[in-house]
Amino acid sequence: MNQTDDNILFSPTRLGDIDLGNRVVMAPLTRDRAIEGRVPTPLAIDYYRQRASAGLIIAEATQINPLGQGYLDTPGIYSEAQVTGWKAITEAVHAAGGKIVLQLWHVGRISHVSLLPEGQVPVAPSALRAKAQTFTANGMEDVSEPRALRLDEIPGLIADYRIAARNAIGAGFDGVEVHAANGYLIDQFMRDGSNQRTDEYGGNIEARTRLLAEVVQAVAGEIGAGRTGVRLSPVTPVNDAHDSNPQPLFERAVERLEAIGGLAFVHVIEGATGGPRDNIAFDYAALKAKFSGPWIVNNGYDKAMAVAALEAGKADAVAFGRPFIANPDLVERLRRDAPLADFNQQTLYGGGAEGYIDYPALPETANA
Ligand code: 8OZ
């Protein structure tokens, strides 16, 4: 084993109140295995424990309330059973020496009526159906037509984020990441492609970034800014996300996060989520310049890119998503420059142990 390793990727850092042993972050990964009551599957105890050598695990996107769900069998953090389920996971990760935060999620219009409480439709900034599909009991289906949230529903929505954050801390998480990326509810409010509101939550950039600022402020007020991170994806096209002018929009969004003060981190998906990094030109340095706290980058990084970003001061940590699926010991593999295993697409979403907790770590001595 490497006793001394002066590679910056494996050096400790601190994100707000959270100490990390290295700068390899496990990005949140939806796996659709919360079959019973939207409680994380007991298999997730092993799954996350196996990956506890990450400097930080950002656990999979988890709905803050029943209307926040948009895919089959994703977990929640609004019921007592869910909190209990998550507690076993955070205890296992902590016992293995890891750190873990929970990603707080509301999908907004990226949902289907079959996933929602009887008779309800998805909620969104405006009643605009996304050109997108979601994973339901019947496989991939077009998302349902949403209704616009009423102004008087927004305080309750923010309260649900606050309660979810409190529940996450109660479940033993080290903090939370507010999911404001990938075309879900908060992102829908930010972008003019999905927000046509005429009240104080729609219109100019100030109005469109209001929900983000209010949610993050509420969460930070509840659990502490140093335990609160945020994920953004300024130019991703996934889930029909689009905006006429993302640069000033996201610069203002980050300014507002800076104004909250002391947030644990901002986590930015560069380019198209899970796809090309250069789909739309965007000045990430200008975005980072708006924030004085820790900065996590993500999307398509390998070891060399990660080290280069850290050394250049473009990031404080690097999140890896897909590589963690089939490489539970990703940190050790990166350390040894060992080959990475590919995951099986057939077992990515749904199912049980197969393709979930059966990807092996390298033998201790291989390639050492
Ligand atoms: C893949 C499948 C379902 C959801 C995201 C939470 O893109 C997701 C997600 C990814 O942020």
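Within segment 1-28, the residues that satisfy the criterion of being within 16 Å of the ligand (Cβ to nearest atom) and part of a loop (DSSP other than H, G, I, E, B) are A27, P28.
What do you reckon, is T134 farther than 27 Å from G293 by Cα, in contact with a strand residue (DSSP E or B) (Cβ under 7 Å, 6 or more places away or on another chain), polar (S, T, N, Q) and within 16 Å of the ligand (Cβ to nearest atom)? Against the criterion (farther than 27 Å from G293 by Cα, in contact with a strand residue (DSSP E or B) (Cβ under 7 Å, 6 or more places away or on another chain), polar (S, T, N, Q) and within 16 Å of the ligand (Cβ to nearest atom)), T134 qualifies. The residues of segment 79-112 that are more than 16 Å from the ligand (Cβ to nearest atom), crowded, with 17+ Cβ neighbours inside 10 Å and of a type in the set (V, I, T), listed by number, are V83, I89, T90, V93, I100.
Restrict the check to segment 283-298 and report whether at least one residue is among the aliphatic types (A, V, I, L, M) and free of Cβ contacts under 8 Å to residues at least 24 places away in the same chain. There is at least one residue in segment 283-298 that is among the aliphatic types (A, V, I, L, M) and free of Cβ contacts under 8 Å to residues at least 24 places away in the same chain. Residues that are of a type in the set (V, I, T), outside any helix (DSSP H, G or I) and surrounded by 21 or more Cβ atoms within 10 Å (Cβ to Cβ) were ranked within segment 166-207; the one that is farthest from the ligand (Cβ to nearest atom) is V176.
Results for (1) away from the ligand (no atom under 16 Å from the Cβ); (2) under 19 Å from the mean Cα position of the chain (by Cα); (3) more than 17 Å from L9 (Cα to Cα), shown as yes or no for each residue.
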residue: A281; (1), (2), (3): yes, no, yes
residue: W295; (1), (2), (3): yes, yes, no
residue: K303; (1), (2), (3): yes, no, no
residue: E311; (1), (2), (3): yes, no, no
residue: A341; (1), (2), (3): yes, no, yes
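The residue that is nearest to the ligand (Cβ to nearest atom), among those in segment 239-267 that are in contact with a Gly (Cβ under 8 Å, 6 or more places away or on another chain) and closer than 15 Å to F282 by Cβ, is A241.
When the criteria are applied in full, V230 fails the requirement of being part of a strand (DSSP E or B), more than 15 Å from the ligand (Cβ to nearest atom) and of a type outside the set (G, A, S).
Restricting the first member to segment 13-38 and to residues that are among the small types (G, A, S), and the second to residues that are within 15 Å of the ligand (Cβ to nearest atom) and in a loop (DSSP other than H, G, I, E, B), the beta-carbon pairs closer than 9 Å and six or more apart or on different chains are A27/N299; A27/G321; A27/R322; A34/P40; A34/D73; A34/T74; A34/P75.
For first residues located in segment 59-85 and modelled with pLDDT of 95 or more, partners that are among the basic types (K, R) and within 11 Å of the ligand (Cβ to nearest atom) and lie 6+ apart or on another chain with Cβ distances below 9 Å form the pairs E60/R31; D73/R31; T74/R31. If you go through segment 29-64 and keep only what is more than 13 Å from the ligand (Cβ to nearest atom), more than 12 Å from I77 (Cα to Cα) and among the β-branched types (V, I, T), you end up with I35, T41, I45, I57. Output the number of residues of segment 4-40 satisfying the condition of being over 15 Å from L102 (Cβ atoms), hydroxyl-bearing (S, T, Y) and either crowded, with 21+ Cβ neighbours inside 10 Å or modelled with pLDDT of 95 or more (or both). Total satisfying the criteria: 2.
One residue alone among L212, L263, L257 is of a type outside the set (S, T, N, Q) and under 15 Å from the mean Cα position of the chain (by Cα), and that residue is L212. A Cβ distance below 7 Å, combined with a sequence gap of six or more or placement on separate chains, defines the contacts here; from segment 179-193, residues that are more than 10 Å from A124 (Cα to Cα) reach residues that are within 15 Å of the ligand (Cβ to nearest atom) and aromatic (F, W, Y) in the pairs H179/W105.
Scanning segment 137-165 for residues that are more than 16 Å from the ligand (Cβ to nearest atom), of a type in the set (A, V, I, L, M, F, W, C) and free of Cβ contacts under 8 Å to residues at least 40 places away in the same chain yields a count of 1.
The values are calculated or read from the model by the stated rules, or taken from the named source; none is laboratory data. Given the structure is predicted, the values throughout are model-derived calculations rather than measurements. For neighbour counting, all protein chains shown are included, and Cβ atoms are generated from backbone atoms with ideal geometry for every residue, glycine included.
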